[in-house]
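For reference, the structure discussed in these notes is given below.
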Amino acid sequence: MALIIKPIVTEKMNLAGEKFNRYGFMVERTANKVEIKKAVEEMYNVQVEDVNTMIVAPKLKQRWTRSGLLRGKTNSYKKAVVTLKEGEKIDFYSNI
């Protein structure tokens, strides 16, 4: 279960969940598609049809402050987009 770090809850992923039954997760970089599929099925009690993975590149950021220009970058991470079978659903907001 340590493969899944957290679900990605954004407007874009919520729309994909409603329209195409797809949900996004931030996962460990070493995880493969088979391991991700098993982890999601065990954690949420659903049937997974397909898993797509991608490594999100870091983005360069800069801002002006009193002490001058600060430059840095965001962290890179691995993202998994999981497609569930017809009729299955994940509710991230149930335990709030």
Assess whether Ala39 counts as being in a loop (DSSP other than H, G, I, E, B) and in contact (Cβ under 8 Å) with a residue 24 or more places away in the chain.
no
Is it true that Lys79 is modelled with pLDDT of 95 or more, outside any helix (DSSP H, G or I) and either surrounded by fewer than 11 Cβ atoms within 10 Å (Cβ to Cβ) or in contact with a Lys or Arg (Cβ under 8 Å, 6 or more places away or on another chain) (or both)?
no
For the range 54-89, what are the residues that are touching a helix residue (DSSP H, G or I) at 6+ places or on another chain (Cβ under 8 Å) and aliphatic (A, V, I, L, M)?
Ala80, Val81, Val82
Residue check, Ala16 in a loop (DSSP other than H, G, I, E, B), aliphatic (A, V, I, L, M) and either modelled with pLDDT under 95 or at positive phi (or both)
no
The residue that is surrounded by the fewest Cβ atoms within 10 Å (Cβ to Cβ), considering only those in the range 32-53 that are out of contact with any Ser or Thr (no Cβ under 6 Å at 6 or more places or on another chain) and among the acidic types (Asp, Glu), is Glu42
Would you mind stating whether Lys61 is among the charged types (D, E, K, R) and exposed (fewer than 14 other Cβ atoms within 10 Å of the Cβ)?
yes
Among the residues of the range 82-94, how many are part of a loop (DSSP other than H, G, I, E, B) and either free of Cβ contacts under 8 Å to residues at least 40 places away in the same chain or surrounded by 11 or more Cβ atoms within 10 Å (Cβ to Cβ) (or both)?
9
Does the range 19-31 contain at least one residue that is crowded, with 17+ Cβ neighbours inside 10 Å, more than 21 Å from Glu86 (Cβ to Cβ) and of a type in the set (A, V, I, L, M, F, W, C)?
yes
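The values are calculated or read from the model by the stated rules, or taken from the named source; none is laboratory data. Nothing here was measured: the structure is a model prediction, and the numbers come from that model. Quick reminder, even Gly has a Cβ in these numbers, built from the backbone with ideal geometry, and neighbours come from all protein chains shown.
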